[in-house]
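See structure below.
The values are calculated or read from the model by the stated rules, or taken from the named source; none is laboratory data. Quick caveat, the model's predicted, so the values are computed rather than measured. Neighbour counts run over all protein chains shown; Cβ positions are idealised from the backbone, glycine included.
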Amino acid sequence: MSRDVVTTGKIAKPAGPFSAAVRRDGLVFVSGQIAQDPTTGALREGDAAVQAEQVLRNLTAVVEAAGRSLDDVIRVGVYLRDMDDFAAVNAVYERFFTAPYPARTAIGVAALPLGAVVEMDAVVG
């Protein structure tokens, strides 16, 4: 089966050999997004809340490029360099998603690309 690649000029170019998202069998799989500035590609400086805001803007841009909205997101993966940032990221997350919320996993990791403190990926139905 072929992959239908989703692209958008509203996020920075991927920093590796992957697509922003791939559509298959009615689902959209969004690659991990970090707080890259869409214009410069540089990591947005700031704490976890500041970076989560940019991450979710980037995630929204990819989801919308696929012709969907955040209301269509069914699963989110959250990757945190420091689990102490969990509450700060949740506060931002709640401004982007509404109940009933997508299924979600939060995972503590040793490092993220470009030194980011938070990354998120998603599955859209």
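Which members of region 50-97 meet the condition of being small (Gly, Ala, Ser) and closer than 14 Å to GLU119 by Cβ?
Residues of region 50-97 small (Gly, Ala, Ser): 52, 61, 65-67, 69, 77, 87-88, 91.
Selection gives ALA52, GLY77.
Yes/no per residue for (1) over 23 Å from THR105 (Cβ atoms); (2) crowded, with 19+ Cβ neighbours inside 10 Å; (3) over 14 Å from the mean Cα position of the chain (by Cα):
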position: SER19; (1), (2), (3): no, no, no
position: ILE34; (1), (2), (3): no, yes, no
position: ASP37; (1), (2), (3): yes, no, no
position: LEU56; (1), (2), (3): no, yes, no
position: ASP71; (1), (2), (3): no, no, yes
position: ASP82; (1), (2), (3): no, no, yes
position: ALA91; (1), (2), (3): no, no, yes
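What number of residues in region 61-97 are in contact with a strand residue (DSSP E or B) (Cβ under 6 Å, 6 or more places away or on another chain), without any contact (Cβ under 8 Å) to a residue 40 or more places away in the chain and not in a helix (DSSP H, G or I)?
Result for region 61-97: 1.
Just give me the residues in region 1-36 being part of a strand (DSSP E or B) and without any contact (Cβ under 8 Å) to a residue 24 or more places away in the chain, in sequence order. Spell out how you get there, then give the answer.
Quick first cut of region 1-36, residues part of a strand (DSSP E or B) only: 4-6, 21-24, 27-33, 36.
Selection gives ASP4, VAL5, VAL22, ARG24.
State all residues of region 115-125 that are closer than 22 Å to GLU45 by Cβ and either at pLDDT below 95 or within 13 Å of the chain's Cα centre (by Cα) (or both); if no residue qualifies, say none. Let's see the steps before the verdict.
Of region 115-125, the ones closer than 22 Å to GLU45 by Cβ are 115-120.
Residues satisfying the conditions are ALA116, VAL117, VAL118, GLU119, MET120.
Within region 37-60, work out how many residues are among the charged types (D, E, K, R) and in a loop (DSSP other than H, G, I, E, B). Break it down stepwise before answering.
Of region 37-60, the ones among the charged types (D, E, K, R) are 37, 44-45, 47, 53, 57.
Now narrow it down to the ones that are in a loop (DSSP other than H, G, I, E, B): 37, 44-45, 47.
The number of residues fulfilling the criteria is 4.
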